[in-house]
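Please read the structure below before turning to the comments.
The values are calculated or read from the model by the stated rules, or taken from the named source; none is laboratory data. Everything numeric in this text was worked out from a predicted model, so none of it was measured. All Cβ positions, even for glycine, are placed from backbone atoms using ideal geometry, and neighbour counts span all protein chains on display.
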Amino acid sequence: MADTIFSKIIRKEIPADIVFESDTILAFRDINPMAPVHILIIPKQPIAYTTEIDGKRDAPLLGELFDAANKIAKEQGIDKNGFRLVINCGDNGGQEVPHLHMHLLGGRKMKWPPG
Ligand code: AMP
């Protein structure tokens, strides 16, 4: 898989405002925040697109992404009022970085439908 900006952040080759790290997951603030709280949660294992996910094989990793999202939402104080989790998938989904990532957005009222 091609190296992305996120691989460089995982390897600490470029700086990021990291809010959570485990052996398998990294979470850091989005450089171009769309909400008062905007954090990207990524598996360290490089999965480019959700189409590469095997539900059974990758269930533990996906569970860890959601666990991290809930833990970070609590730490950031956005769990009570609610938040939004987004995974942009491929071109039509608006995915720019081909390394699976979950956006955690909160701190304001979200609109629907998304743009
Ligand atoms: P997506 O459009 O779903 O692929 O989201 C990619 C996200 O990565 C965008 O929200 C960007 O603002 C964010 N991003 C790109 N480069 C960096 C970086 N160096 N540090 C933090 N966030 C970044």
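Any idea which of Ile14, Ile42, Ile31 is closer than 25 Å to Gly115 by Cα, within 16 Å of the ligand (Cβ to nearest atom), exposed (fewer than 15 other Cβ atoms within 10 Å of the Cβ) and hydrophobic (A, V, I, L, M, F, W, C)?
Ile31
Can you list residue pairs whose Cβ atoms sit under 9 Å apart, with the first residue in segment 94-109 being within 23 Å of Ile78 (Cβ to Cβ) and free of Cβ contacts under 8 Å to residues at least 60 places away in the same chain and the second being more than 10 Å from the ligand (Cβ to nearest atom) and of a type in the set (S, T, N, Q)? Count only pairs 6 or more apart in sequence or on different chains.
Leu100/Gln45; Leu100/Thr50; Lys109/Asn81
Please go through segment 45-67 and give me each residue that is within 16 Å of the ligand (Cβ to nearest atom) and not acidic (Asp, Glu), ordered by number. Show your work before the answer.
Within segment 45-67, the subset within 16 Å of the ligand (Cβ to nearest atom) is 46-53, 65.
Listed by number, the residues that qualify are Pro46, Ile47, Ala48, Tyr49, Thr50, Thr51, Ile53, Leu65.
Being at pLDDT 95 or above, within 16 Å of the ligand (Cβ to nearest atom), in contact with a strand residue (DSSP E or B) (Cβ under 8 Å, 6 or more places away or on another chain) and not hydrophobic (A, V, I, L, M, F, W, C) narrows it down to one of Gly107, Gly82, so name that one. Full working, then the answer.
Numbers: Gly82 fails: within 16 Å of the ligand (Cβ to nearest atom).
None of the other options fit; the residue is Gly107.
Let's see how each residue does on (1) not in a strand (DSSP E or B); (2) not small (Gly, Ala, Ser):
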position	(1), (2)
Asp23	yes, yes
Leu26	no, yes
Ile31	yes, yes
Gln45	yes, yes
Ala48	yes, no
Thr51	yes, yes
Gly55	yes, no
